[in-house]
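Structure record follows, encoded as structure tokens.
All of the numbers you see were taken from the coordinates with simple rules; none came from a lab. Everything numeric in this text was worked out from a predicted model, so none of it was measured. So basically every Cβ, Gly included, is an ideal-geometry build from the backbone, and we count neighbours across all protein chains shown.
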Amino acid sequence: MNYNNIIIEIDDYLAFITINRPKKLNALNKETIAELHNAFRDLEEDSDIRVIVIIGSEDKAFVAGADISEFADFNMNKGSELAKIGQELLFDFIENLTTPVIAAINGFALGGGLELAMSCHFRVASRNAKMGLPEVTLGLIPGYGGTQRLPLLIGKGKAMELIMTANMITAEEALNYGLVNYVVDQNELIPLCEKLAYKISQNSSTAIAAAIKSINANDKDGVNGFEVEIEQFGKCFGTNDFAEGTSAFLEKRKPDFE
Ligand code: COA
């Protein structure tokens, strides 16, 4: 598929999605959100792909937010619609993907950019990265899941402060907050993602999908995460990966998952 705003590169089991609007600091316009949805959907359907990494083009920004020029004249209905469609098409969609998604935060991750990174299964950052939710400076609040995911990742008090002050935090601060898992120099960001992806690719993809579903159930209203875990755990016993993983252990060899 041809895209105008994103680049897809596949290296064996690892897919890179690069958001490619550097002149607009990779801001998420409607077309980019639709393209990202299609790309994630297609990569999820490709059983050869074990891990997806999402990154921004060039060194300045991961994503500097939703494209402000697109919603400057919106009314209340259009505002709600923007958030609803965006959440469904992209942010919730990524969170619920069964293929692991790593956000490689290579620069500014602001507003919708940080919300995008928070939708991914985990995050790594380059030392120059800056993160924040500056929506209140625009008379808005985060609308792509930021008010929900940030407190889960860093705690309610810190999330309140970050959103109310609109402060940008450094990569090191984000590491201390638990918002990102690693901070490395810019030139080490992709190698680190590749290393993590390799490690993930050696494990059972059906078990990883079950783990994602169970972990995501932890924070869902009206969902009992322990019950989801029991269900997913049980289902694992019916998979070829379970047969292979346990046989390999008993035969003292490395498992060869499908
Ligand atoms: N939406 C639309 N365009 C954006 C954008 C966004 N969220 N963020 C940056 N851009 C555009 C700028 O308008 C500018 O375009 P132009 O050259 O056509 O004028 C270009 O990207 C470069 O940005 P600029 O502001 O000139 O870079 P800077 O280095 O001075 O500042 C930031 C960088 C990230 C601090 C600044 O761009 C910024 O504050 N962006 C908005 C962040 C934000 O509020 N995000 C939340 C949106 S809900």
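Lys23: which aspartates and glutamates have alpha carbons under 14 Å from its alpha carbon, excluding same-chain residues fewer than 8 sequence positions away? Lys23 reaches Glu58, Asp59, Asp67. The Kirkwood radius of the chain, taken over pairs of alpha-carbon atoms, gives through the Stokes-Einstein law at 37 °C and 0.692 mPa s a diffusion coefficient of 173 µm² s⁻¹. Computed over the chain, relative contact order equals 15 percent, with contacts defined as Cα pairs under 8 Å that lie 6+ residues apart. By the equivalent-ellipsoid construction on the alpha carbon gyration tensor, the range 112-152 comes out with semi-axes of 18, 14, 7 Å, ordered largest to smallest. Farthest toward the positive end of the dipole of the range 1-112, out of Ala109, His37, Ile7, is the Cα of Ala109, where the dipole comes from beta carbon charges about the Cα centre.
Shape analysis of the range 72-192 yields a ratio of the Cα radius of gyration to the Kirkwood radius, Rg/Rh, of 0.97.
Could you pull out which residues in the range 191-211 have an amide N less than 19 Å from a spot 7 Å beyond the Cα of Cys236, following the Cα-Cβ vector? Label zone hits: 199-211.
Summing Cβ point charges (Lys, Arg +1; Asp, Glu -1) relative to the Cα centre of the range 121-258 gives a dipole of roughly 180 debye. Over 26 Å apart at the Cα level, from the set Lys156/Lys220; Lys24/Lys213; Lys30/Lys195; Lys199/Lys235; Lys130/Lys158, are Lys24/Lys213; Lys30/Lys195. Overall dimensions of the range 160-258, expressed as equivalent-ellipsoid semi-axes from the Cα gyration tensor (√(5λ), whole Å, largest first), are 34, 23, 8.
Charging the Cβ of each Asp and Glu at -1 and of each Lys and Arg at +1, and nothing else, the dipole of the range 24-113 about its Cα centre rounds to 300 debye. As a rough footprinting exposure proxy, the listed residues Lys24, Lys195 were ranked by other beta carbons within 10 Å of their own, and the order from fewest upward is Lys195, Lys24.
To the nearest 20 debye, what is the magnitude of the charge dipole of the chain about its Cα centre, counting +1 on the Cβ of each Lys and Arg and -1 on the Cβ of each Asp and Glu?
Result for the chain is approximately 620 debye, rounded to the nearest 20.
Cα centroid separation, the range 81-98 to the range 159-227: 17 Å.
Helix 225-236 and the longest principal axis of the Cα set of the chain meet at an angle near 40°.
I need Leu116, Leu162, Leu152, Leu250 ordered by Cβ neighbour count within 10 Å, fewest first.
So the residues, fewest neighbours to most, are Leu250, Leu152, Leu162, Leu116.
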